């Protein structure tokens with residue numbers, strides 16, 4: 001599907017995502033992800049470029065930069081600030097609001113030339129594409145079924161799944177919310193609702209897929225997240 005054939009909401013979500021991907025490319029191109037810089041310093045750098053270059057002033061979820069062993073932490077974790085090392089993995093996970101619509105993009109960067117770190121970065125990206133391909137063409141799938149597939153895929157690649165969920169919806173900010181404890185809008189083992197069900201207004205829901213691989217033996221993880229296609 002090309003962008004012209006998408007719904008207005010989908011076009012806006014794709015546009016917000018593309019701007020976020022460009023933000024990350026700018027941060028990488030300016031060589032801001034470097035040894036010696038702390039997670040907080042890099043976080044501040046990303047926010048500054050978002051504001052000054054891309055006009056992004058608002059984020060709908062907490063801004064995440066993780067390095068080293070902190071890359072094993074789930075979204076809900078709150079590890080102490082650490083500095084990036086000469087050989088490290090670094091995760092950026094940001095959710096900008098762009099023209100009233102939510103993006104949610106995560107990428108992993110390798111500092112140095114360690115083959116094992118390069119491999120987990122490559123594996124998590126390949127797994128995301130594999131899961132996306134598995135999702136395409138289906139017209140019925142529960143969040144629990146998709147979560148179980150992600151667990152099996154993670155094991156196939158030889159890692160532990162590090163996320164509390166494997167995805168969620170996005171939309172106009174703020175996106176649709178359910179009642180406390182209702183996980184019907186998350187890719188989670190307790191979500192037995194059909195991901196293809198319409199929202200209460202009869203509109204399509206739009207899903208983010210997030211895959212977090214953890215290598216417990218080596219104390220690091222890799223993360224990749226964006227819109228399902």
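The values are calculated or read from the model by the stated rules, or taken from the named source; none is laboratory data. Everything numeric in this text was worked out from a predicted model, so none of it was measured. Glycine also receives a Cβ, built like all others from the backbone with ideal geometry; neighbour counts cover every protein chain displayed.
Tell me yes or no: at least one residue of the range 118-130 is surrounded by 14 or more Cβ atoms within 10 Å (Cβ to Cβ), at pLDDT 95 or above and outside any helix (DSSP H, G or I). No - not one qualifying residue is present in the range 118-130. Could you please give the count of residues in the range 3-38 that are farther than 11 Å from residue 49 by Cβ, in contact with a strand residue (DSSP E or B) (Cβ under 6 Å, 6 or more places away or on another chain) and surrounded by 15 or more Cβ atoms within 10 Å (Cβ to Cβ)? Final tally of qualifying residues: 7.
Evaluating residue 58 against the criteria (1) closer than 29 Å to residue 172 by Cβ; (2) surrounded by 14 or more Cβ atoms within 10 Å (Cβ to Cβ) leaves one unmet condition, (2). In the range 104-124, the count of residues that are touching a residue at least 40 places away in the same chain (Cβ under 8 Å), in contact with a strand residue (DSSP E or B) (Cβ under 9 Å, 6 or more places away or on another chain) and farther than 30 Å from residue 32 by Cα is zero.
Residues checked against (1) in contact with a strand residue (DSSP E or B) (Cβ under 8 Å, 6 or more places away or on another chain); (2) within 22 Å of residue 69 (Cβ to Cβ); (3) in contact (Cβ under 8 Å) with a residue 24 or more places away in the chain; (4) in a loop (DSSP other than H, G, I, E, B):
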position	(1), (2), (3), (4)
147	no, no, yes, no
152	no, no, no, no
175	yes, no, yes, yes
180	no, no, no, yes
189	no, no, yes, yes
198	no, no, no, yes
208	yes, no, yes, no
223	yes, yes, yes, no
229	no, no, yes, yes
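For the range 136-149, taking the residues that are under 19 Å from the mean Cα position of the chain (by Cα) and surrounded by fewer than 16 Cβ atoms within 10 Å (Cβ to Cβ), the one that is farthest from residue 182 (Cα to Cα) is identified as 136.
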